[in-house]
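The values are calculated or read from the model by the stated rules, or taken from the named source; none is laboratory data. Only a predicted model underlies this, so the values are computations on that prediction, with no experimental measurement involved. No Cβ is skipped: glycine too gets one built from the backbone with ideal geometry, and neighbour counts run over all protein chains shown. These area figures cover heavy atoms from the full protein model, side chains too; ligands, DNA and RNA do not enter into them. Shrake-Rupley method; radii C 1.70, N 1.55, O 1.52, S 1.80 Å.
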Amino acid sequence: MSESNPSSTHNLRSDGSRLWATIHETARFGGTPKGGINRLTLSPEDGRVRDWFREACEAAGLTVSVDALGTQYALRPGRDMSLPPVAFGSHLDTQPTGGKFDGVLGVLAGLEVMRTLADAGIETQAPLLLVNWTNEEGSRFAPAMMASAAYAGEFTTDEILAKRDGAGVTVAEALDAIGYRGGEAVGERTIGAFVELHIEQGPILEAEGKTIGVVEGGQGIAWFDGTVEGFESHAGTTPMPRRRDALLGLSEFALAAERIALAHGPSAVATIGEAGILAPSRNVVPGRIAFSLDMRDPRSGTLDAMEAELRQAAAEIGERRHLSLVLERIWRKEPVPFDPRIVSAVEEAAEGLGLPRRRIISGAGHDACNLAGRVPAAMIFVPCKDGVSHNESESATQADCAAGADVLLQTVLRLADTRLTAA
Ligand code: HGY
Ligand code: MN
Ligand code: MN
């Protein structure tokens, strides 16, 4: 095993075709006819890709362990095991209309880094740790990025284990159902630094012809559960002016949310991604609706202002239409700056590889945004086609995935051979 140091490893490259083959090999777990992936967290499909991941890590010489929320940690020893490991990874769970790259690229490029170092017989000073975080997407269980949030101390393990999905199944029950409720206490494992490779999920890098996004931080996120209470009544006999129609109330509220986001633009966004009429019937005026709202902006003060305006709009619409429109905030993630030392390591790696790059703020939430609350962290972005993600048509190029893996490799080598202690 030869010692790694920047002079001996700056020419080391990952195997882009092996990474590409691995991305497509694992896409079969929850693969959809339209070429996407539907692999909700802790589903049977998630269980199968986790099994695959454990076997692939062990075949690469890594030791795999699982914590109480199912997060998988694959450890590669370094020369000095007293040093905290340099960690990298992302998530393998997807949205219902997920693509092949969201989260998956960060985990499998991390595996490619481990495979490349094994092939080259290189040993780093600090140990390395590849991580598959449970439930980054937040689609089945809210909030998003829940396991990395628990690792960072934002939630207790018991709080997360008790979270329920739409069918009333708890995280604990879902972990047990796939056999991934591990023995390691969440957060007991130290990490020296964390780097996450991810597709941008937006249009900027592609539009500017940049291969690498050097991510400086993540924007703030607020999630709400909402209800609209009106009055069920006969669709044929209730005159329009006498109706208390919950769906019309929600429709007006959705347009108000769009207006508020546009008014605070260009970064502010607001999305009602879930809405359901309770006891729906084609010949009954809708009386009750449950919905969710996702609101984001890079500025904390703007999130506050948007929430106040949304609540004002809800009250005004409710008053005028004789409805009760209630918003409950269930999650707030403040905007996150990444550690300048890690951001610089990413930038130096991209520069050393001669890759066109630009600094960027992440519009999407990521596990690295939670890790940043506890350890030095940063991210690497690569473009995705038309900036599309959370859609089965999500796509990236083999060359960009390979470039991202090389930046990850070179960043990890820099961090693993320099003493970095948690902030
Ligand atoms: O919601 C997000 O930003 C991430 O995709 N979970
Ligand atoms: Mn993701
Ligand atoms: Mn996602």
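The residues neighbouring Glu216, those whose beta-carbon lies less than 11 Å from its own, together hold a net charge of 0 under the Lys/Arg +1, Asp/Glu -1 convention. For the range 122-212, the per residue solvent-accessible surface stands at 34 Å², with DNA, RNA and ligands left out and a 1.4 Å probe.
You can think of it this way: the chain between Val326 and Phe231 has 32.7 nm of extra reach, that is 0.36 nm per residue less the Cα-Cα gap. Summing charges over neighbours of Ser267, with a neighbour being any other residue whose Cβ is under 10 Å away from its Cβ, gives +1 when K and R count +1 and D and E count -1. Per-residue surface analysis assigns Ile342 an accessible area of about 0 Å², computed on protein heavy atoms at 1.4 Å probe radius.
With 0.36 nm allotted per residue and the present C-alpha distance subtracted, the Arg48-Ser344 stretch has 102.9 nm of extension available.
At full extension, Glu55 and Glu159 could sit 34.4 nm farther apart than now, given 0.36 nm per residue minus the alpha carbon distance. Of the whole protein surface, Leu40 contributes about 50 Å² of accessible area at a 1.4 Å probe radius. Summarising the overall dimensions of the chain from its C-alpha atoms, the Rg and Dmax are 22.8, 83 angstrom.
Computed across the range 256-396, the Kirkwood radius stands at 18.5 Å (inverse of mean 1/r, all Cα pairs).
Shape of the range 220-333 from the C-alpha gyration tensor: prolate (a/c of 1.5 or more and a/b above b/c, with a ≥ b ≥ c the square roots of its eigenvalues). Ignoring ligands, DNA and RNA, what percent of the accessible area of the chain is carbon or sulfur (1.4 Å)? Whole-percent figure for carbon plus sulfur exposure: 52. For the range 265-321, a Kirkwood hydrodynamic radius built from all Cα pairs, placed in the Stokes-Einstein relation at 20 °C and 1.002 mPa s, yields a translational diffusion coefficient of 160 µm²/s. Helix 340-352 and the longest principal axis of the C-alpha atoms of the chain enclose an angle of approximately 60°.
Over the C-alpha atoms of the range 158-233, the Rg to Rh ratio, Rh being the Kirkwood estimate, stands at 1.12.
Under the simplified labelling scheme, the Thr63-Glu258 pair shows an inter-label distance of 5.6 nm, with each label point 7 Å from Cα along Cα→Cβ. For a straight C-alpha distance cut-off of 24 angstrom, the lysines reachable from Lys210 (same-chain residues fewer than eight places away being disregarded) are Lys100, Lys385. Under the simplified labelling scheme, the Asn283-Glu173 pair shows an inter-label distance of 3.7 nm, with each label point 7 Å from Cα along Cα→Cβ.
For the range 220-333, a simple Cβ point-charge model (Lys and Arg +1, Asp and Glu -1, everything else neutral) yields a dipole of about 160 debye relative to the Cα centre.
Where only DSSP H runs of four or more residues are counted, the chain gives -11000 deg cm²/dmol as its mean residue ellipticity at 222 nm, each run worth -39500 (n - 2.57).
Between Gln312 and Ser17, the modelled label-to-label distance comes to 6.1 nm, taking each label 7 Å out from Cα in the direction of the beta carbon. Ordered by solvent-accessible area of protein heavy atoms (1.4 Å probe), largest first, the residues Glu216, Glu173, Glu347 come out as Glu173, Glu216, Glu347. Once all protein chains are placed together, Asp417 keeps about 40 Å² accessible to a 1.4 angstrom probe.
Principal-axis analysis of the Cα atoms of the chain puts helix 104-120 at an angle of about 10° to the longest axis. Students often get this wrong: which residues of the range 39-66 have the backbone nitrogen under 19 Å from the point 7 angstrom along Cα-to-C-beta of Met81? Answer for the range 39-66: 58-66.
Each 10 Å bin from zero holds the following percent of Cα-Cα pairs in the range 281-350: 14, 31, 24, 15, 9, 7, 0.
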